[in-house]
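Engineer: First, the structure itself, so that you have it in front of you.
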Amino acid sequence: MYLGLDGGGTGCRAVLTDDSGQIIGRGTGGPCNIMSDRDGAVAALTECAAETLAGRDPAGVTAVLGLAGVNTSGAGDWLPPLLPFGRSRVVQDAMTAAYGALGDSDGIVAAMGTGSIFIRKLGDAITTIGGWGPILGDEGSGNWLGRRFLSEVLRAGDGLTGQTVLTRQTESRHGGRNGIVAFARDARASDFGAEVAHLLAARDDPVAIRVLSEAAELVAVSIAAIQKDELLPVTFTGGLGTVYAALLKGRWPQREPLGNPLDGALRMARTWAADGSRARAEF
């Protein structure tokens, strides 16, 4: 059996297939950013795995997990021994996103979810920029947008910028500016990401226009930097992928994703099982 799992700041999900590729199990779990909340991530992954396996013997499973925060947490080393599977690999979610979206093709993937990362796939070579987490990086992500949006609401309330319908509604929803600060003190990346729904619902509001325009330009800078000398098509993925695809339409050729990160994780798991030496070199 083969299991692919995709996990990040919003939650994790997994799919299990048999040797013929038939899906025989699915599961979900809570937020699992292994850099910012190691214990919570392990608990979410354990829950997700148990639901997906549904009583099947994990010893017969080859699993690949694409997770946010692997590049900065060392989880590729310490996490596999904690997992129940017969064989398991833990990789940066950028890899599973790239192989899911592009398959064997070359291109750029802008993975825009609660976090963000930019991926260049040329042959078997994977290059990434960004993905430095919710505090210092992840420009344009749901977490980044939520933080930037609430900062603008506070600035408007202080009279530094003009109040709008959206800023007043947001301030009221949080019980005032002090309430916004109290929310931010304990908020996780996924909590900030949840603010984006309000931003997008009022995208004609001057504050929404300003924040989304700023975010789009940051994303454009990252894509331009990772393009290098090749003009590769760009594939936007993640919960905010369609938002940025529209905002940046015409900047580069765009390509629809072939699949999602779960498809990429499954592809990696099957390749690893079929030819371990090739998988080690490729992934």
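The values are calculated or read from the model by the stated rules, or taken from the named source; none is laboratory data. These numbers were taken from a predicted model, which means no experiment stands behind them. Here the Cβ is made from the backbone with ideal geometry for all residues, glycine too, and neighbour counts use every protein chain on show. To get the accessible areas, we keep the full protein, side chains included, count just its heavy atoms, and leave off ligands, DNA and RNA. Shrake-Rupley method; radii C 1.70, N 1.55, O 1.52, S 1.80 Å.
Engineer: Just one of Thr170, Thr161 is in contact (Cβ under 8 Å) with a residue 12 or more places away in the chain, outside any helix (DSSP H, G or I) and open to solvent by less than 60 Å² (accessible area, probe 1.4 Å); which is it? Walk me through how you get there before you give the answer.
Structural biologist: Details: Thr170 fails: outside any helix (DSSP H, G or I).
From the options Thr170, Thr161, the qualifying one is Thr161.
Engineer: How many of the residues in segment 98-129 are farther than 17 Å from Ala265 by Cβ, open to solvent by less than 20 Å² (accessible area, probe 1.4 Å) and under 17 Å from the mean Cα position of the chain (by Cα)?
Structural biologist: 5
Engineer: For segment 86-95, which positions are modelled with pLDDT of 90 or more and either crowded, with 23+ Cβ neighbours inside 10 Å or not in a loop (DSSP other than H, G, I, E, B) (or both)? Spell out the reasoning first.
Structural biologist: To start, the set of residues in segment 86-95 that are modelled with pLDDT of 90 or more comprises 86-91.
Matches in segment 86-95: Arg87, Ser88, Arg89, Val90, Val91.
Engineer: Still on this model: Test each condition in (1) without any contact (Cβ under 8 Å) to a residue 60 or more places away in the chain; (2) of a type in the set (S, T, N, Q); (3) within 26 Å of Met112 (Cβ to Cβ) for Thr46 and report the one that comes out false.
Structural biologist: (3)
Engineer: Related question: Between Val243, Val207, Val211, which is more than 30 Å from Thr17 (Cα to Cα), surrounded by 14 or more Cβ atoms within 10 Å (Cβ to Cβ), at pLDDT 95 or above and under 15 Å from the mean Cα position of the chain (by Cα)? Can you show your working first?
Structural biologist: Numbers: Val207 fails: under 15 Å from the mean Cα position of the chain (by Cα); Val211 fails: under 15 Å from the mean Cα position of the chain (by Cα).
Only one candidate qualifies: Val243.
Engineer: Separate question: Under 9 Å by Cβ, and 6 or more places apart or on different chains, what pairs join a residue from segment 14-37 that is open to solvent by 50 Å² or more (accessible area, probe 1.4 Å) with one that is modelled with pLDDT under 95 and β-branched (Val, Ile, Thr)?
Structural biologist: What qualifies is Met35/Val70; Met35/Thr72; Ser36/Ile135.
Engineer: Answer yes if at least one residue in segment 135-155 is crowded, with 24+ Cβ neighbours inside 10 Å and modelled with pLDDT under 90, and no otherwise.
Structural biologist: no
Engineer: Does Asp106 count as out of contact with any Lys or Arg (no Cβ under 9 Å at 6 or more places or on another chain) and of a type in the set (Asp, Glu)?
Structural biologist: When the stated conditions are applied, Asp106 does not pass them.
Engineer: Hey, among Asp104, Asp39, Asp77, Asp19, which residue is under 20 Å from Gly4 (Cα atoms), part of a helix (DSSP H, G or I) and either modelled with pLDDT of 90 or more or of a type in the set (Asp, Glu) (or both)? Outline the logic, then answer.
Structural biologist: Working: Asp104 fails: part of a helix (DSSP H, G or I); Asp39 fails: under 20 Å from Gly4 (Cα atoms); Asp19 fails: part of a helix (DSSP H, G or I).
Going through Asp104, Asp39, Asp77, Asp19 in turn, just one is under 20 Å from Gly4 (Cα atoms), part of a helix (DSSP H, G or I) and either modelled with pLDDT of 90 or more or of a type in the set (Asp, Glu) (or both): Asp77.
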